[in-house]
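Here the structure is laid out as structure tokens; the discussion comes afterwards.
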Amino acid sequence: MVIKSTIPVGYTRAIKEKKGLANILFSPEFLRESKALYDNLYPSRIIVGTEMSDDYQIQLAKKFGGLLEE
């Protein structure tokens, strides 16, 4: 699951603990008002967050980031 939104600090961790899920990535959106379509098609930066202690999660984050980069 990928959370593609702007959310409060700690939200992803809280959802993982509350729902018992491990495979959740966080990728914030950086959209300007009236430029959302352009910003989605040509992002100025790509950020994917995950647990750095989990090699599998890191692999998933890199794969998702690569898809966004394409």
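Restricting to segment 52-64, and then to whatever is free of Cβ contacts under 8 Å to residues at least 24 places away in the same chain and either more than 11 Å from the chain's Cα centre (by Cα) or closer than 19 Å to residue 7 by Cα (or both), can you tell me which residue is surrounded by the most Cβ atoms within 10 Å (Cβ to Cβ)?
58
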Considering segment 39-51, residues that are among the hydrophobic types (A, V, I, L, M, F, W, C) and surrounded by 10 or more Cβ atoms within 10 Å (Cβ to Cβ), and then whichever is farthest from residue 14 (Cα to Cα), we arrive at 46
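Read-outs throughout are calculated quantities, based only on the coordinates presented, and are distinct from any laboratory measurement. Not measured: the values here are computed from a predicted model. Cβ sites come from the backbone with ideal geometry, for glycine too, and all protein chains shown count toward neighbours.
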